[in-house]
Structures are given as C-alpha cells and as structure tokens.
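So the structure is just underneath, and the comments pick up after that.
The values are calculated or read from the model by the stated rules, or taken from the named source; none is laboratory data. None of the values given here were measured: they were computed from a predicted structure. Every residue, glycine as well, gets a Cβ built from its backbone with ideal geometry; the counts of neighbours run over all protein chains shown.
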Amino acid sequence: MKKAIAIFFFCSLLSSCAVLKDRGIVVAPTPDIEKTIYWAVDDAVMAASTQLVYEMRKEISTLIPPSATPTSTYVVPVELTATMTSIWQGNLQNDEPIVTVTPENCINRVKFVEDITIPDDSIVAAGKPFTKTWKLRNVGTCVWTDQYSFDFVDGDLMGANTHIPLPKDTMVLPNGTIDVSVYMTAPEKSGKYQGNWKFQTPWGSLFGTGENGEDSVWLKIIVR
C-alpha cells in the first residue's frame, strides 16, 4: 500500500513538471546571490591585478639592461678631477686675475733662459741657412700678445727680417716663457758675427734684458 502511494506521488510530480515544461516554464534551483556577487568581484579584481603586474613587468624590462652586472668601471683620472675642481672654484669665487697690457700700468722686461739652437760661437758654414731659437722669460708685469714683435736692433742681420710679429694668439703671462725663432743665412765671408734683438710693444717702444730692459738678446756665430 505504501509502495503504491509512493509511486502515485512520484508520477504526480513528473506530471506537474511536464505541464510546466509544456508551458515554457523551466524550474531551476534558487541561486546563492551573495556567493555569486563575491566570485564576480573576485574575478574582476584578479583580472585587473594580473593586467597591472603584466604592464609593470613590461615597463621594467625596458629599463633594466640584459645584464645587471657591470663589465667595467670608469674611474675619473686624478688630473681631470683636479682641473675640473680648480676651474669650478675659480668661476664660483670669480677670482681670475684681470690682466691688461696698457703702458700705464705694466712693465715689460725679458730674461734670457737658454739657447734652443745655435749657442754662442757655434760654427756655421758660409752661406748656410739656419734657424736661431731662444727661450725667453717674461719677467715684467705685462702680458705679451701677438701685438708684440721681435725686432732687429743692430749688428749683423744675416738675411733675417727686421720685424717679426709674435705668433697669432700668443699669450705669455708674467713669469711665462716663449721660444722665439728667427730664420737666417750665414754670411759668405768667414769671420765672427753678432746680431742684437729686442722686443717691441704694441705702442712702439723697445725692451730687452737687464734691470731697465736696455740690453739686447743676441746671436753670435763663427762662419767658416
């Protein structure tokens, strides 16, 4: 009897479901709204996080070189460091010396240092061309520029130019040195020869060695 009742109840349930289906109604279990929202939000957050990490890694990969280990290290030379420091301090303190070459506020004096070529009483073949070079020091207070010249004063010229301007962009500071060269030709006749030279300022005055600049710089040769 109980079995018959159970079968009857089951058949009634099936009939009800069939009727609902025929009418276009689908019976589905009630969803868990809270759980559904939770997983939807969680999926969105995970997707956004994944994209952000991807973009960050991509950006960083363009900044980091393939090898993080340096293969060599550049060391600034001590000389360069010292030069850069001194230049910076000079500009910062604005203490570079201001030098002028006007006759009113400076003195021109020369000191002989050495003969670079053709020392005194050198023997030179008759008619042979040669170049005489002196090393001279500025012991005055003026700056020698390319406006200065080296001029023949007296004695034996030996085929040289009488007026020789200093090279372009010359800048000989006080206590600085300069090598002055004069192209000459030895006389044809044997004997002793001497030529005397001095510097000339831009305003036309001559000066040489000695306490008052009155002595000349000379060349002495023996021609044979």
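List of remarks:
- Those residues of the range 106-116 which are more than 14 Å from SER205 (Cα to Cα), touching a residue at least 24 places away in the same chain (Cβ under 8 Å) and either part of a strand (DSSP E or B) or in contact with a His (Cβ under 6 Å, 6 or more places away or on another chain) (or both), in sequence order: LYS111, PHE112, VAL113
- Residue in the range 129-145 that is of a type in the set (A, V, I, L, M), closer than 17 Å to ILE221 by Cβ, in contact with a Leu (Cβ under 8 Å, 6 or more places away or on another chain) and modelled with pLDDT of 95 or more present: no
- Only strands (runs of 3 or more DSSP E) whose full extent lies in the range 117-224 are considered here, and the ones with at least 1 residues that are on the phi > 0 side of the Ramachandran plot and not polar (S, T, N, Q) are 149-155, 191-200.
- THR133, sole failed condition from (1) among the β-branched types (Val, Ile, Thr); (2) touching a residue at least 40 places away in the same chain (Cβ under 8 Å); (3) loosely packed, with under 13 Cβ neighbours inside 10 Å; (4) in contact with an Asp or Glu (Cβ under 9 Å, 6 or more places away or on another chain): (3)
- Restricting ASP151, ASP169, ASP120, ASP146 to those that are over 42 Å from the mean Cα position of the chain (by Cα) and among the acidic types (Asp, Glu) reduces the list to ASP120.
- Only one entry of VAL113, VAL124, VAL139, VAL153 meets the criterion of being crowded, with 19+ Cβ neighbours inside 10 Å and of a type in the set (Val, Ile, Thr), and that entry is VAL124.
- Filter result for ASN175 (of a type outside the set (D, E, K, R) and more than 40 Å from the chain's Cα centre (by Cα)): no
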